[in-house]
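Comments concern the structure below.
The values are calculated or read from the model by the stated rules, or taken from the named source; none is laboratory data. Quick caveat, the model's predicted, so the values are computed rather than measured. Cβ sites come from the backbone with ideal geometry, for glycine too, and all protein chains shown count toward neighbours.
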């Protein structure tokens, strides 16, 4: 398809792969919790981490500042991927989410977080080890953070999931914030967005994007106009 020719490289993380990880992890979690009589949250969070151990995914409670400080994860963050050997993923949740762990809303939130972090895991695994020694997202302002190539790609993947449900806050952020500072960064995000739409999007996500920002045109539409 034409959209696949619009950019040469893309980090592939399919909905199917993310769902397979979640399915396996939650099955393991339910099996463990059936054997446990006490349902206190420290036991639950430990069981959840153990359930996803094979995928190198760990869950932490965000109620304790020492956890966030020790693992260098801000209390407002929900996920983090470490650029070290094994690329462990850390996901921060709260007690309310833990109590509703079997709810569709919790699954949806974890799906979005995990999709983003799995993009980073694949990015880090393909990078030169020497580069990873210098990669650090700590102590950078939001503009610098959103402008990084690895974040542009990960957020473009997230945006497609948002567009399947309606407007995308990510698209809005890049359009009204990043675009105003750098058209190069905006176009970089847009190329990734188009590629992910072609790979994992649907007609709903494409239509919602057209409604959200009407002046955006997909590459295949632009080429069709030139041919007429």
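How about segment 187-217: which of its residues are crowded, with 20+ Cβ neighbours inside 10 Å, under 18 Å from the mean Cα position of the chain (by Cα) and not in a loop (DSSP other than H, G, I, E, B)? Those that are crowded, with 20+ Cβ neighbours inside 10 Å, under 18 Å from the mean Cα position of the chain (by Cα) and not in a loop (DSSP other than H, G, I, E, B): 189, 190, 192, 193, 194, 195, 196, 198, 205.
Does residue 136 fit the bill of being on the phi < 0 side of the Ramachandran plot, at pLDDT below 60 and crowded, with 17+ Cβ neighbours inside 10 Å? So residue 136 fails the test.
Taking segment 48-58 as the range and being farther than 21 Å from residue 125 by Cβ and buried (at least 21 other Cβ atoms within 10 Å of the Cβ) as the test, the residues that pass are 48, 51. Residues in segment 53-86 that are modelled with pLDDT of 90 or more and farther than 14 Å from residue 117 by Cα: 53, 54. Screening segment 95-115 for residues that are part of a helix (DSSP H, G or I) and in contact (Cβ under 8 Å) with a residue 60 or more places away in the chain and picking the one that is farthest from residue 156 (Cα to Cα) gives 107.
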